[in-house]
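J.: Quick one: this structure, given as C-alpha coordinates, is what I'll be asking you about.
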(Lines give C-alpha, C1' and ligand atoms only; values in the text may rest on other atoms or scores of the structure.)
Protein backbone atom coordinates (compact mmCIF):
# COMPACT_ATOMS: atom_id res chain seq x y z
CA UNK A 1 0.00 0.00 0.00
CA UNK A 2 1.32 3.35 -0.91
CA UNK A 3 2.02 6.11 1.57
CA UNK A 4 -0.85 8.16 0.13
CA UNK A 5 -3.32 5.34 0.75
CA UNK A 6 -2.07 4.91 4.32
CA UNK A 7 -2.46 8.67 4.92
CA UNK A 8 -6.03 8.63 3.59
CA UNK A 9 -6.99 5.72 5.85
CA UNK A 10 -5.51 7.49 8.87
CA UNK A 11 -7.41 10.69 8.08
CA UNK A 12 -10.62 8.72 7.70
CA UNK A 13 -10.12 7.06 11.07
CA UNK A 14 -9.55 10.45 12.69
CA UNK A 15 -12.71 11.87 11.10
CA UNK A 16 -14.69 8.85 12.29
CA UNK A 17 -13.34 9.21 15.83
CA UNK A 18 -14.09 12.95 15.81
CA UNK A 19 -17.66 12.34 14.66
CA UNK A 20 -18.17 9.74 17.34
CA UNK A 21 -16.75 12.09 19.97
CA UNK A 22 -19.13 14.88 18.94
CA UNK A 23 -22.04 12.45 19.10
CA UNK A 24 -21.01 11.32 22.57
CA UNK A 25 -20.74 14.93 23.76
CA UNK A 26 -24.15 15.72 22.27
CA UNK A 27 -25.68 12.78 24.11
CA UNK A 28 -24.01 13.87 27.34
CA UNK A 29 -25.22 17.45 26.89
CA UNK A 30 -28.72 16.22 26.13
CA UNK A 31 -28.76 13.97 29.16
CA UNK A 32 -26.89 16.45 31.37
CA UNK A 33 -29.76 18.85 32.19
CA UNK A 34 -32.09 15.99 33.03
CA UNK A 35 -29.53 14.34 35.28
CA UNK A 36 -28.71 17.68 36.90
CA UNK A 37 -32.40 18.39 37.43
CA UNK A 38 -32.94 15.02 39.11
CA UNK A 39 -29.87 15.50 41.27
CA UNK A 40 -30.96 19.00 42.23
CA UNK A 41 -34.48 17.84 43.13
CA UNK A 42 -33.06 15.06 45.29
CA UNK A 43 -30.72 17.50 47.04
CA UNK A 44 -33.53 19.98 47.64
CA UNK A 45 -35.78 17.25 49.05
CA UNK A 46 -32.97 16.08 51.30
CA UNK A 47 -32.45 19.62 52.60
CA UNK A 48 -36.20 20.05 53.15
CA UNK A 49 -36.41 16.76 55.01
CA UNK A 50 -33.36 17.66 57.08
CA UNK A 51 -34.81 21.08 57.83
CA UNK A 52 -38.17 19.65 58.84
CA UNK A 53 -36.54 17.03 61.01
CA UNK A 54 -34.31 19.53 62.81
CA UNK A 55 -36.86 22.37 63.18
CA UNK A 56 -39.01 22.56 66.31
CA UNK A 57 -42.75 22.32 65.78
CA UNK A 58 -44.54 25.63 65.29
CA UNK A 59 -41.52 27.74 64.31
CA UNK A 60 -41.37 29.60 61.01
CA UNK A 61 -45.13 30.10 60.83
CA UNK A 62 -46.60 33.58 60.50
CA UNK A 63 -48.27 34.79 63.67
CA UNK A 64 -50.62 37.69 62.86
CA UNK A 65 -51.39 38.26 66.53
CA UNK A 66 -47.77 39.15 67.25
CA UNK A 67 -47.79 41.75 64.48
CA UNK A 68 -50.92 43.40 65.85
CA UNK A 69 -49.40 43.40 69.34
CA UNK A 70 -46.36 45.29 68.04
CA UNK A 71 -48.62 47.76 66.21
CA UNK A 72 -51.04 48.26 69.10
CA UNK A 73 -49.17 51.14 70.85
CA UNK A 74 -48.99 53.18 67.64
CA UNK A 75 -52.58 52.33 66.72
CA UNK A 76 -53.74 53.35 70.20
CA UNK A 77 -51.96 56.71 69.98
CA UNK A 78 -53.32 57.25 66.47
CA UNK A 79 -56.87 56.48 67.59
CA UNK A 80 -56.71 58.69 70.70
CA UNK A 81 -54.87 61.73 69.34
CA UNK A 82 -55.66 61.75 65.59
CA UNK A 83 -58.62 59.63 64.54
CA UNK A 84 -60.70 60.39 67.64
CA UNK A 85 -60.38 64.20 67.48
CA UNK A 86 -60.93 64.08 63.72
CA UNK A 87 -64.23 62.22 64.14
CA UNK A 88 -65.30 64.57 66.94
CA UNK A 89 -64.48 67.59 64.77
CA UNK A 90 -66.37 66.07 61.86
CA UNK A 91 -69.41 65.64 64.07
CA UNK A 92 -69.13 69.11 65.63
CA UNK A 93 -69.04 70.72 62.17
CA UNK A 94 -72.75 69.89 61.88
CA UNK A 95 -73.66 71.77 65.07
CA UNK A 96 -73.66 75.29 66.44
CA UNK A 97 -71.93 75.18 69.83
CA UNK A 98 -70.56 77.95 72.06
CA UNK A 99 -69.38 75.85 75.06
CA UNK A 100 -72.16 77.32 77.22
CA UNK A 101 -75.45 76.23 75.70
CA UNK A 102 -76.34 72.77 74.38
CA UNK A 103 -75.22 72.08 70.80
CA UNK A 104 -77.78 72.88 68.11
CA UNK A 105 -77.87 70.86 64.91
CA UNK A 106 -77.49 73.12 61.86
CA UNK A 107 -76.68 70.59 59.15
CA UNK A 108 -74.53 72.03 56.35
CA UNK A 109 -74.95 75.69 57.36
CA UNK A 110 -71.37 75.86 58.65
CA UNK A 111 -70.05 74.59 55.31
CA UNK A 112 -72.06 77.23 53.43
CA UNK A 113 -70.65 79.85 55.77
CA UNK A 114 -67.09 78.71 54.98
CA UNK A 115 -67.62 79.41 51.29
CA UNK A 116 -69.14 82.85 51.98
CA UNK A 117 -66.74 84.01 54.74
CA UNK A 118 -64.63 86.80 53.24
CA UNK A 119 -62.15 86.96 56.14
CA UNK A 120 -61.58 83.21 55.91
CA UNK A 121 -60.85 83.49 52.19
CA UNK A 122 -58.50 86.41 52.92
CA UNK A 123 -56.66 84.36 55.54
CA UNK A 124 -56.38 81.49 53.06
CA UNK A 125 -54.83 83.84 50.51
CA UNK A 126 -52.29 85.09 53.08
CA UNK A 127 -51.49 81.52 54.07
CA UNK A 128 -50.95 80.41 50.48
CA UNK A 129 -48.63 83.38 49.87
CA UNK A 130 -46.68 82.58 53.02
CA UNK A 131 -46.49 78.83 52.29
CA UNK A 132 -45.42 79.29 48.67
CA UNK A 133 -42.78 81.90 49.59
CA UNK A 134 -41.52 79.70 52.42
CA UNK A 135 -41.28 76.65 50.16
CA UNK A 136 -39.35 78.50 47.42
CA UNK A 137 -36.94 80.27 49.78
CA UNK A 138 -36.26 77.14 51.82
CA UNK A 139 -35.58 74.96 48.78
CA UNK A 140 -33.30 77.53 47.17
CA UNK A 141 -31.56 78.63 50.37
CA UNK A 142 -31.15 75.11 51.73
CA UNK A 143 -29.71 73.86 48.45
CA UNK A 144 -27.25 76.76 48.14
CA UNK A 145 -26.07 76.33 51.73
CA UNK A 146 -25.67 72.58 51.24
CA UNK A 147 -23.60 73.10 48.09
CA UNK A 148 -21.40 75.66 49.85
CA UNK A 149 -20.77 73.35 52.82
CA UNK A 150 -20.23 70.29 50.63
CA UNK A 151 -17.53 71.93 48.46
CA UNK A 152 -14.13 71.18 49.86
CA UNK A 153 -14.12 73.07 53.16
CA UNK A 154 -12.31 71.50 56.10
CA UNK A 155 -14.16 69.38 58.64
CA UNK A 156 -13.93 71.92 61.47
CA UNK A 157 -15.42 74.72 59.40
CA UNK A 158 -18.07 72.38 58.00
CA UNK A 159 -19.10 71.33 61.52
CA UNK A 160 -19.24 74.96 62.65
CA UNK A 161 -21.41 76.01 59.69
CA UNK A 162 -23.81 73.09 60.17
CA UNK A 163 -24.19 73.89 63.86
CA UNK A 164 -24.64 77.63 63.27
CA UNK A 165 -27.27 77.13 60.56
CA UNK A 166 -29.21 74.46 62.44
CA UNK A 167 -29.05 76.06 65.89
CA UNK A 168 -31.98 78.52 65.40
CA UNK A 169 -34.24 75.57 64.61
CA UNK A 170 -33.71 74.31 68.16
CA UNK A 171 -35.06 77.53 69.69
CA UNK A 172 -38.77 77.70 70.46
CA UNK A 173 -41.00 79.85 68.26
CA UNK A 174 -41.95 82.00 71.25
CA UNK A 175 -38.32 82.97 71.93
CA UNK A 176 -37.62 83.53 68.21
CA UNK A 177 -40.69 85.75 67.80
CA UNK A 178 -39.84 87.88 70.84
CA UNK A 179 -36.21 88.17 69.72
CA UNK A 180 -37.09 89.45 66.24
CA UNK A 181 -39.86 91.66 67.57
CA UNK A 182 -37.17 93.46 69.55
CA UNK A 183 -34.53 93.44 66.79
CA UNK A 184 -36.91 94.94 64.20
CA UNK A 185 -38.61 97.40 66.51
CA UNK A 186 -38.65 100.76 64.62
CA UNK A 187 -37.87 102.77 67.77
CA UNK A 188 -35.23 100.90 69.79
CA UNK A 189 -34.49 97.82 67.67
CA UNK A 190 -30.87 96.99 66.84
CA UNK A 191 -31.49 96.62 63.11
CA UNK A 192 -33.42 99.88 62.93
CA UNK A 193 -30.66 101.64 64.88
CA UNK A 194 -27.98 100.72 62.35
CA UNK A 195 -30.25 101.69 59.47
CA UNK A 196 -30.64 105.12 61.02
CA UNK A 197 -26.86 105.35 61.40
CA UNK A 198 -26.68 104.82 57.62
CA UNK A 199 -29.26 107.60 57.13
CA UNK A 200 -31.90 105.05 56.07
CA UNK A 201 -35.36 105.46 57.49
CA UNK A 202 -36.43 101.99 58.71
CA UNK A 203 -39.86 100.85 57.57
CA UNK A 204 -42.58 99.69 59.90
CA UNK A 205 -41.61 96.04 59.79
CA UNK A 206 -44.71 94.90 61.67
CA UNK A 207 -46.91 98.00 61.45
CA UNK A 208 -46.89 98.55 57.68
CA UNK A 209 -49.19 96.12 55.78
CA UNK A 210 -46.70 96.07 52.90
CA UNK A 211 -43.86 94.91 55.17
CA UNK A 212 -45.58 92.80 57.83
CA UNK A 213 -46.05 89.54 55.91
CA UNK A 214 -42.58 89.67 54.24
CA UNK A 215 -41.08 90.23 57.69
CA UNK A 216 -42.83 87.12 59.03
CA UNK A 217 -41.58 85.16 55.99
CA UNK A 218 -38.02 86.30 56.70
CA UNK A 219 -38.24 85.33 60.37
CA UNK A 220 -39.60 81.92 59.45
CA UNK A 221 -36.72 81.45 56.99
CA UNK A 222 -34.12 82.28 59.65
CA UNK A 223 -35.73 79.95 62.15
CA UNK A 224 -36.38 76.85 60.02
CA UNK A 225 -33.80 76.93 57.20
CA UNK A 226 -31.48 74.69 59.22
CA UNK A 227 -33.85 71.73 58.91
CA UNK A 228 -34.13 72.08 55.13
CA UNK A 229 -30.37 72.62 54.92
CA UNK A 230 -29.64 69.28 56.60
CA UNK A 231 -32.10 67.49 54.31
CA UNK A 232 -30.46 69.01 51.24
CA UNK A 233 -26.96 68.24 52.50
CA UNK A 234 -27.89 64.61 53.09
CA UNK A 235 -29.37 64.37 49.59
CA UNK A 236 -26.35 66.06 48.03
CA UNK A 237 -23.98 63.58 49.63
CA UNK A 238 -25.91 60.65 48.11
CA UNK A 239 -25.14 61.78 44.55
CA UNK A 240 -22.65 59.21 43.16
CA UNK A 241 -19.26 60.84 42.72
CA UNK A 242 -18.52 58.42 39.87
CA UNK A 243 -21.24 59.99 37.73
CA UNK A 244 -19.92 63.49 38.39
CA UNK A 245 -16.36 62.42 37.56
CA UNK A 246 -17.52 60.68 34.38
CA UNK A 247 -19.34 63.83 33.26
CA UNK A 248 -16.23 65.91 33.93
CA UNK A 249 -14.12 63.49 31.90
CA UNK A 250 -16.61 63.81 29.04
CA UNK A 251 -16.07 67.56 28.99
CA UNK A 252 -19.07 68.79 31.04
CA UNK A 253 -18.48 71.97 33.03
CA UNK A 254 -19.74 72.64 36.56
CA UNK A 255 -23.06 74.09 35.49
CA UNK A 256 -23.79 71.24 33.09
CA UNK A 257 -22.85 68.70 35.74
CA UNK A 258 -25.05 70.41 38.32
CA UNK A 259 -28.17 70.77 36.15
CA UNK A 260 -27.93 67.43 34.35
CA UNK A 261 -26.64 65.14 37.10
CA UNK A 262 -26.80 66.67 40.58
CA UNK A 263 -30.28 68.19 40.38
CA UNK A 264 -31.94 65.11 38.80
CA UNK A 265 -30.32 62.84 41.39
CA UNK A 266 -31.47 65.16 44.20
CA UNK A 267 -35.05 65.50 42.93
CA UNK A 268 -36.50 62.96 45.44
CA UNK A 269 -34.89 64.89 48.30
CA UNK A 270 -36.18 68.20 46.95
CA UNK A 271 -39.66 66.74 46.56
CA UNK A 272 -39.68 65.53 50.17
CA UNK A 273 -38.46 68.93 51.38
CA UNK A 274 -41.13 70.76 49.36
CA UNK A 275 -43.96 68.64 50.80
CA UNK A 276 -42.75 68.95 54.39
CA UNK A 277 -42.11 72.69 54.07
CA UNK A 278 -45.53 73.42 52.58
CA UNK A 279 -47.41 71.43 55.23
CA UNK A 280 -45.49 73.13 58.04
CA UNK A 281 -45.81 76.62 56.55
CA UNK A 282 -49.54 76.26 55.96
CA UNK A 283 -50.00 75.77 59.72
CA UNK A 284 -48.06 78.91 60.70
CA UNK A 285 -49.40 80.42 63.92
CA UNK A 286 -46.87 81.20 66.66
CA UNK A 287 -44.95 84.21 65.23
CA UNK A 288 -48.14 85.80 63.93
CA UNK A 289 -49.89 85.42 67.27
CA UNK A 290 -46.93 86.80 69.24
CA UNK A 291 -45.75 89.60 66.92
CA UNK A 292 -48.69 90.96 64.90
CA UNK A 293 -51.82 89.10 66.10
CA UNK A 294 -52.95 89.05 62.49
CA UNK A 295 -52.50 92.77 61.86
CA UNK A 296 -52.09 95.36 60.67
CA UNK A 297 -55.48 95.36 58.95
CA UNK A 298 -55.50 91.55 58.78
CA UNK A 299 -52.48 91.63 56.46
CA UNK A 300 -50.77 88.75 58.30
CA UNK A 301 -53.74 86.73 59.52
CA UNK A 302 -53.33 83.06 58.63
CA UNK A 303 -56.02 80.42 58.37
CA UNK A 304 -54.86 78.75 61.61
CA UNK A 305 -54.87 82.16 63.32
CA UNK A 306 -58.44 82.71 62.13
CA UNK A 307 -59.34 79.21 63.32
CA UNK A 308 -57.95 80.04 66.77
CA UNK A 309 -59.83 83.33 66.96
CA UNK A 310 -63.09 81.73 65.86
CA UNK A 311 -62.91 78.74 68.20
CA UNK A 312 -61.24 80.02 71.38
CA UNK A 313 -62.04 83.74 71.34
CA UNK A 314 -65.46 83.86 69.68
CA UNK A 315 -66.41 80.40 71.10
CA UNK A 316 -67.88 79.24 67.78
CA UNK A 317 -66.77 75.65 68.21
CA UNK A 318 -68.95 74.20 65.46
CA UNK A 319 -67.82 76.70 62.86
CA UNK A 320 -64.21 76.34 64.02
CA UNK A 321 -64.45 72.58 63.45
CA UNK A 322 -65.67 73.27 59.93
CA UNK A 323 -62.68 75.56 59.29
CA UNK A 324 -60.36 72.84 60.59
CA UNK A 325 -61.87 70.37 58.12
CA UNK A 326 -61.42 72.91 55.34
CA UNK A 327 -57.74 73.30 56.27
CA UNK A 328 -57.34 69.52 56.22
CA UNK A 329 -58.94 69.27 52.78
CA UNK A 330 -56.75 72.06 51.38
CA UNK A 331 -53.51 70.55 52.71
CA UNK A 332 -54.50 67.10 51.48
CA UNK A 333 -55.42 68.47 48.06
CA UNK A 334 -52.18 70.39 47.62
CA UNK A 335 -50.14 67.38 48.80
CA UNK A 336 -51.88 65.11 46.29
CA UNK A 337 -51.17 67.66 43.56
CA UNK A 338 -47.51 67.66 44.58
CA UNK A 339 -47.38 63.87 44.34
CA UNK A 340 -49.10 63.95 40.96
CA UNK A 341 -46.71 66.59 39.65
CA UNK A 342 -43.68 64.72 41.00
CA UNK A 343 -44.10 62.09 38.28
CA UNK A 344 -42.97 64.67 35.75
CA UNK A 345 -39.77 65.86 37.43
CA UNK A 346 -38.71 63.48 40.22
CA UNK A 347 -35.96 61.10 39.13
CA UNK A 348 -36.53 57.73 40.85
CA UNK A 349 -33.65 55.78 39.35
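J.: Just checking, which of 111, 105, 130 is loosely packed, with under 12 Cβ neighbours inside 10 Å and at pLDDT 90 or above?
T.: Being loosely packed, with under 12 Cβ neighbours inside 10 Å and at pLDDT 90 or above holds for just one of 111, 105, 130, which is 105.
J.: Condition first: surrounded by 16 or more Cβ atoms within 10 Å (Cβ to Cβ) and farther than 22 Å from residue 237 by Cβ. Now tell me which residues in the stretch 169-202 satisfy that.
T.: If the condition is that a residue be surrounded by 16 or more Cβ atoms within 10 Å (Cβ to Cβ) and farther than 22 Å from residue 237 by Cβ, then 173, 176, 177, 180, 181, 184, 185, 186, 189, 192, 202 are the ones that fit.
J.: Which residues, counting only those in the stretch 197-234, are touching a helix residue (DSSP H, G or I) at 6+ places or on another chain (Cβ under 8 Å), free of Cβ contacts under 8 Å to residues at least 60 places away in the same chain and over 14 Å from residue 180 (Cα atoms)?
T.: Answer for the stretch 197-234, where residues must be touching a helix residue (DSSP H, G or I) at 6+ places or on another chain (Cβ under 8 Å), free of Cβ contacts under 8 Å to residues at least 60 places away in the same chain and over 14 Å from residue 180 (Cα atoms): 201, 202, 203, 234.
J.: If only one of 294, 318, 333 is in contact with a strand residue (DSSP E or B) (Cβ under 7 Å, 6 or more places away or on another chain) and either surrounded by 18 or more Cβ atoms within 10 Å (Cβ to Cβ) or at pLDDT 95 or above (or both), which one is it?
T.: Selected residue: 318, the only one of 294, 318, 333 that is in contact with a strand residue (DSSP E or B) (Cβ under 7 Å, 6 or more places away or on another chain) and either surrounded by 18 or more Cβ atoms within 10 Å (Cβ to Cβ) or at pLDDT 95 or above (or both).
J.: Are there helices (runs of 4 or more DSSP H) fully within the stretch 132-213 with at least 3 residues that are assigned by TED's automatic domain parsing to the domain that holds residue 122 and farther than 30 Å from residue 282 by Cβ? List them.
T.: Where helices (runs of 4 or more DSSP H) fall fully within the stretch 132-213 and carry at least 3 residues being assigned by TED's automatic domain parsing to the domain that holds residue 122 and farther than 30 Å from residue 282 by Cβ, they are 155-166, 190-197.
J.: Which condition does residue 104 not pass, out of (1) more than 33 Å from the chain's Cα centre (by Cα); (2) not assigned by TED's automatic domain parsing to the domain that holds residue 293, if it passes all the others?
T.: All conditions are met except number (2).
The values are calculated or read from the model by the stated rules, or taken from the named source; none is laboratory data. From a predicted model like this one, the values you see are computed outputs, not experimental measurements. A quick note on method: Cβ atoms are made from the backbone with ideal geometry, for glycine too, and the neighbour counts reach across all protein chains shown.
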